[in-house]
Amino acid sequence: MPNGTMKTVRVHAFGGPDELRLDEVPVPQPAPGEVLVRVHAVGLNPPDWYLREGMPGVPPELLPPLDLPLVLGTDVSGVVSAVGADVEGFATGDEVFGMLRFPTSPTGSAYAEYVAAPASDLAHKPAGIDHARAAGASMAALTAWQYLIELGHDHPSPFQAHRHEPVPIGPGTTVLVNGAAGGVGHFAVQLAKWKGARVIAVASGTHEAFLRDLGADEFIDYTQARPEDVARDVDLVLDTVGGPDSPRLLRVLKRGGALFPVYLAEYDPEELAALGVTTSATQVRASGRQLEALGRLLGDGTLRVAIDSTYRLADARAAHERAGRGHLQGKIVLTVA
Ligand SMILES: NC(=O)c1ccc[n+]([C@@H]2O[C@H](COP(=O)([O-])OP(=O)(O)OC[C@H]3O[C@@H](n4cnc5c(N)ncnc54)[C@H](OP(=O)(O)O)[C@@H]3O)[C@@H](O)[C@H]2O)c1
């Protein structure tokens, strides 16, 4: 079991990327049910910047306790360096990846050289992909999977009273992915293609070749045309952009179709009834079991992980500045070991 200290990046005050600081702290020890992971790469996700800012969009009554300084990061890939009590299925030396503790804890503390990880949140890293790609896959691929393929749990959604249910997609169905070049979007495009659907990708024009290479049948550059003006008879919209513009995408759906907002959005129940369409949302939840299934698709090349950019752990500030500029094509990753 490694002892001593390790490098980590911590937030000491809520605010911009300048608040990320490289610190030296004790190496954590795995509790029962956990393994200690020597981190090789960390995948970055929007909750990292929301948390760095102190979650300003969350109403105070819903805000979890946030004690400073805190270590950001949910998505990790690395090597098991110690195994706690009551852990089955993992041994020292195993290569693993996972999304840690989300959403039960606001952070999985992954921006570090070591992290104590719940074994139930981990899967074995496929041999065919490197740690950067495995770390980049976790939250974004799990989100696309739980929206489109299998929810996989019965925890109530914070967004709606009813349980989210993926709709059948396959040959003969059309899926439109808005925000298709981003972390969630580029996995959604590939999963819908894997199922045999016709896929329309919506993104800014620089991403067209990238998305066609991932399998998009049609591409809409939203800077040139409004999707609701050019797309029709869509069975399912996965909208990773959300927000106040999302309801206009209802108009691309055929009657009986569904819109799944990945980011918060509100819809007029009367408009939904008039159009004969539905909406449904969920919150991604850690699952080593589902990551094992995704790992098989990553390992055999069915799913590819696009890397927007990589930074060293010590340069986490620059990675967050990159995120702030937007227009991501795939994932931002911190390399650690
Ligand atoms: N429900 C959940 O559990 C859950 C889980 C994960 C993420 N999320 C949320 O889902 C959202 C997306 O996450 P992500 O990790 O995929 O983000 P991301 O990697 O930053 O991707 C966002 C993508 O949206 C594109 N985009 C921006 N404005 C657009 C517009 N008007 N029309 C079409 N595309 C646009 C961007 O590139 P271009 O503008 O260049 O095309 C970028 O590729 C975030 O808000 C995140 O908080 C929710």
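Note on GLN224 and HIS155: the model spin-label points, each 7 Å out from Cα along the C-beta direction, lie 4.2 nm apart.
Out of all DSSP beta bridges with both ends in the chain, state the antiparallel percent to the nearest 5.
DSSP beta bridges in the chain are roughly 60 percent antiparallel.
Counting only protein heavy atoms and using a 1.4 Å probe, the accessible area of GLU53 comes to about 90 Å². With unit charges on the beta carbons (Lys and Arg positive, Asp and Glu negative) and the dipole taken about the Cα centre of the chain, which residue among ALA91, ALA316, ILE220 sits farthest to the positive side? Selected residue: ILE220.
Using 0.36 nm per residue and subtracting the Cα-Cα separation, the extra length available between GLN283 and LEU63 on full extension is 77.6 nm.
In the chain, the longest principal axis of the Cα atoms and the axis of helix 183-194 are about 60 degrees apart.
Overall, the range 1-85 carries a charge dipole of about 280 debye about its Cα centre when +1 sits on the Cβ of Lys and Arg and -1 on the Cβ of Asp and Glu, all other atoms neutral.
Along the axis of the charge dipole computed for the chain (Cβ charges of +1 for Lys and Arg, -1 for Asp and Glu, origin at the Cα centre), the listed residues THR143, ALA180, LEU51 are led at the positive end by ALA180. About the centre of its Cα atoms, the range 165-279 shows a dipole size close to 340 debye [charges on the beta carbon of Lys, Arg (+1) and Asp, Glu (-1) only; nearest 20 debye].
Residues in the chain average 42 Å² of solvent-accessible surface per residue, probe 1.4 Å, ligands and nucleic acids excluded.
Distance between the pseudo-spin-label points of TYR50 and SER105 (7 Å out from Cα toward the beta carbon): 1.8 nm.
Comparing ALA293, ALA265, ALA192 in a Gaussian network model of the chain where C-alpha atoms under 10 Å apart are linked, the largest mean-square fluctuation is found at ALA293.
In whole percent, what relative contact order does the range 197-298 give with Cα contacts below 8 Å and a gap of six or more residues?
19
When the chain is treated as a Gaussian network with alpha carbon springs shorter than 10 Å, the biggest mean-square fluctuation among TYR114, TYR147, TYR263 belongs to TYR263. Counting only alpha carbon atoms, the long axis of helix 316-325 and the longest principal axis of the chain meet at about 10°.
Given Cα pairs under 8 Å that are at least 6 residues apart, what percent is the relative contact order of the chain?
Working: 822 pairs, mean separation 64.3, N = 337.
Relative CO of the chain lands at 19 percent.
Kindly express, to the nearest 10 degrees and within the range 0 to 90, the angle between helix 131-148's C-alpha long axis and the longest C-alpha principal axis of the chain. That works out to roughly 40 degrees. Given a 1.4 Å probe and every protein chain left where it sits, what share in percent of the accessible area of the chain is carbon and sulfur? The value for the chain is 51 percent carbon and sulfur by accessible area. A 1.4 Å probe, protein heavy atoms only, puts the accessible area of LYS195 near 80 Å².
Taken about its Cα centre, the chain carries a charge dipole of about 500 debye when Lys and Arg each add +1 at the Cβ and Asp and Glu each add -1 at the Cβ.
The values are calculated or read from the model by the stated rules, or taken from the named source; none is laboratory data. These figures come from a predicted structure and were not determined experimentally. Every residue, glycine as well, gets a Cβ built from its backbone with ideal geometry; the counts of neighbours run over all protein chains shown. For the accessible areas, the whole protein counts, side chains as well, though only heavy atoms, and no ligand, DNA or RNA atoms are used. Shrake-Rupley method; radii C 1.70, N 1.55, O 1.52, S 1.80 Å.
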